[in-house]
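Working notes, structure below.
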DNA sequence: ACAATTATACGAACTTTTTCGTAGATGCAA
DNA sequence: TTGCATCTACGAAAAAGTTCGTATAATTGT
């Protein structure tokens, strides 16, 4: 029951997580921003069809223009990715990953505060 | 100058980071543990040759058995991976990634302490 | 010296992922 | 109605990544 989306699939999932329900066109347009060349419409369509076969998304086909929605959660999916990364790249140490993540990205003070709070919560158990 | 190793390449890099200098056989054996089926020797060899072409590793060919060494650093490479993940999956928030990483993996108390210290350091700037 | 082992090189088969062209259906506007 | 835009389905090409067989050379042990 391990969810392992490909890179393209992950990009699409990210959009679905952010926007909720989407048509293929919605996703295709979002995808085309933040890229140099356009992304072909049928390319996006095909990917989403494949994702449907794999059970990564569900879709409402009651109207001609289908509406897609993520079936796998953001948290579960990213957890898998992070776990894999921790195991392979960081020799099993989540702490190493966390520090690496914080080192380069300038996080705002609020973000840091949020993390501290979160850690304090964790420690209470 | 963005380093983007494939999954197999990343596995090999991880081994090189951990063990320093390695022959193909070293890597191949390490790779074969922690796997069901064996990994073919020439498969590993080929991958490492490709990595050499790409500049991911360097090698000493002075003796018959070549000795490989990572050319890209663990920190830089993992930073790239994390940044990509933060940008796509976590909408630009490192904090989100950090909390997600800590949520499932049970980190030891020492690890948590280490992270807290690290954050305190960060805050001083 | 010879056979067995172990190395590199390299091409090609194979798999997975991504992209795209084309066909056919539906909707919409003049 | 007729033509144009838009949608899905589908197959297959193209690209990327992985695996492996074979040739050949060097090394080792008997």
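Coordinate-derived values only; no laboratory data. The shown structure was predicted, so the numbers you read here are calculated from the model rather than taken from an experiment. Quick reminder, even Gly has a Cβ in these numbers, built from the backbone with ideal geometry, and neighbours come from all protein chains shown.
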Practice task
Note down the nm distance, to one decimal, between modelled labels 7 Å out along Cα→Cβ at residue B:110 and at residue A:73.
Solution key: 3.2
Fill in the blank from the handout: Most exposed to least, judged by fewest other Cβ atoms within 10 Å, A:65, B:84, B:44 sort to A:65, B:84, B:44
Problem - For peptides A:47-55, B:23-31, sequence by mean Cβ density within 10 Å, most packed first - result: B:23-31, A:47-55
Fill in the blank from the handout: Shielding of A:9-18 by other chains, given as the mean Cβ count within 10 Å, works out to 2
Practice task
Determine the shielding of peptide B:82-95 by partner chains: average, over its residues, the number of Cβ atoms on other chains within 10 angstrom of each Cβ.
Solution key: 6
Practice task
Only Cα pairs under 8 Å and at least 6 apart count here; give the relative contact order of chain A as a rounded whole percent.
Solution key: 22
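Please report, in cubic angstrom per residue, the volume enclosed by the convex hull of the alpha-carbon atoms of the protein assembly as shown.
174
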Practice task
Provide B:15, B:112 in ascending order of the number of other Cβ atoms located within 10 Å of each residue's Cβ, fewest first.
Solution key: B:112, B:15
Handout entry: Axis proximity, chain A to B: residue whose C-beta lies nearest, plus whole-Å distance
Key = A:98, 3
Completion exercise
To the nearest 10 degrees, the tilt of helix B:41-54 (Cα long axis) against the first principal axis of the alpha carbons of chain B is 70
Exercise for the section: State log₁₀ I(q)/I(0) for the range B:56-95 at q = 0.22 Å⁻¹ as given by the Debye formula over alpha-carbon point scatterers of equal weight, solvent excluded. Expected result: -0.70
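For chain A, what is the calculated [θ] at 222 nm in deg cm²/dmol (nearest 500), taking -39500 (n - 2.57) for each run of four or more DSSP H residues and dividing by its residue count?
Working: 6 runs with 77 residues, N = 125.
The per-residue figure over chain A is -19500 deg cm²/dmol.
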Exercise for the section: Could you line up B:76, B:35 from fewest to most neighbouring Cβ atoms inside 10 Å? Expected result: B:35, B:76
Exercise for the section: Can you run the Rg to Rh ratio on chain A? Use alpha carbon positions and the Kirkwood inverse-distance Rh. Expected result: 1.06
Practice task
Give, to the nearest whole percent, the P(r) tail of the range A:74-123 beyond 18 angstrom, counting all Cα pairs.
Solution key: 43
Problem - Alpha-carbon radius of gyration plus Dmax, which is the widest Cα pair, for the range A:7-70 in Å - result: 10.8, 34
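At a Förster distance of 51 Å, what's the computed FRET efficiency of residue B:7 paired with residue B:64, Cβ-Cβ distance as r, to 0.05? Provide the component values of the computation, followed by the final result.
Numbers: r = 30 Å, r/R0 = 0.58.
In this case the efficiency is close to 0.95.
How many Cβ atoms of partner chains, on average, are near each residue of A:110-123 if near means within 10 Å of its Cβ?
Details: counts 1, 6, 7, 3, 5, 10, 5, 1, 5, 9, 2, 2, 7, 4.
Going residue by residue through A:110-123 and averaging, the value is 5.
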